[in-house]
Amino acid sequence: PRLKKVIHLAVRFLDDVIEMSDYKLPETQKVVSANRKIGLGVMGFADLLFQLEIGYNTDAAVNIAEKLSSFLQKEARSASEKLGVERGSFPNFKESIFAKSEYKAMRNATVTTIAPAGTLSMITDCSSGIEPLFGLVYTKHVLDGSEMIYSNLYFENTLKHNSLYSNELMRLISQVGSIQSLKEIPANIKAVFVVTDDIAPIWH
C-alpha cells in the first residue's frame, strides 16, 4: 500500500514538472506537450536484495524484479489514467496504443524508465538503479592525500553481526573489490553479497 501511494504521488509530481518547466524552444514544448512522457524509475534494488538475503544472480532475485516492475508499471499507468480523466489525456492519445486498450484515458504516453541513477543514488546513499553493487567496499582518496574507506551499510552490518568485521578486512576488500576469493567470509554471505564482477552478463 505504501509503494502504491508513493507511485501515484510521483506520477502526479512528474506530470506537474512538465507544466512548470521552462522550455526555451517552442518546438520542444510542442513535442513534450503532445506526448507528456514521464519516467518514474527505481533505485536501491541491490540493497533490497541484500536486506532480503537474496543473491542478485538468482531466480529469486529475477522473480522479485518481475513482481516489483509489473506492480510499478501497473500502478503508474493507473495513476496516469486517473490524471487523464481529471486533466485530459496527452494530445496524441488517439493515435497511440492506448486508444485501442482498456484505458479510458492516459495523461502520459510513457510512465516508467530504468535509469542508472548514479548521482542520485550517491546523494540518497543507496545502490544505483537496478544495477548490482560495483563494490562492497571502496577507498576514496581525499585532496589532502588521506584515504577514506566506504562500505555498503548492509554488508558492514552483516559482518558485524557475524563477528567478522575488522578494519584490516575492510581495507583488504576495498583492494580486491569482491569477497568471493576470501576464505574468511562464509559461503552463505558470499552468495548474497555479489558485485558486478561476480555476476555473469545473463543475470543483468
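The values are calculated or read from the model by the stated rules, or taken from the named source; none is laboratory data. Everything numeric in this text was worked out from a predicted model, so none of it was measured. Note: ideal-geometry Cβ built from the backbone for every residue, glycine included; neighbour counts use all protein chains shown. Protein only, heavy atoms only, side chains kept; ligands, DNA and RNA dropped before computing areas. Shrake-Rupley method; radii C 1.70, N 1.55, O 1.52, S 1.80 Å.
List of remarks:
- Helix-derived mean residue ellipticity, 222 nm - over the chain, DSSP H n ≥ 4, -39500 (n - 2.57), to 500: -15000 deg cm²/dmol
- Average accessible surface area per residue within the chain, 1.4 Å rolling probe, Å²: 64 Å²
- In the chain, the portion of solvent-accessible area held by carbon and sulfur atoms comes to 58 percent [1.4 Å probe, whole percent, DNA, RNA and ligands not counted].
- Of the GluC sites (Glu not before Pro) found in region 6-55, the ones in coil according to DSSP and having at most 15 other Cβ atoms within 10 Å of their Cβ are GLU53.
- Cα-projected label distance for HIS204 with LYS37, points at 7 Å along beta-carbon direction, nm: 2.3 nm
- FRET efficiency estimate (nearest 0.05) - Cβ-Cβ, LEU164 to TYR23, R0 45 angstrom: 0.25
- THR112 long-range amide H proximity, modeled H, under 5 Å: LEU40
- Length gained when the stretch LYS5-SER101 is fully extended (0.36 nm per residue, less Cα-Cα span): 32.1 nm
- Peptides 4-12, 113-121 ordered by packing proxy, namely the average of other Cβ atoms within 10 Å per residue, highest first: 4-12, 113-121.
- Listed residue (VAL42, SER21, ILE202) projecting farthest to the positive dipole end of the chain, Cβ model: SER21
- When the chain is treated as a GNM with alpha-carbon contacts under 10 Å, the residue of MET43, MET148, MET106 showing the greatest mean-square fluctuation is MET148.
- With 10 Å bins beginning at zero, the pair-distance distribution over Cα atoms of region 104-204 amounts to 13, 39, 29, 11, 6, 3, 0 %.
- Correct choice for semi-axes √(5λ) of the Cα gyration tensor in Å that was computed from the model, options (i) 42, 20, 13; (ii) 28, 25, 13; (iii) 40, 13, 11: (i)
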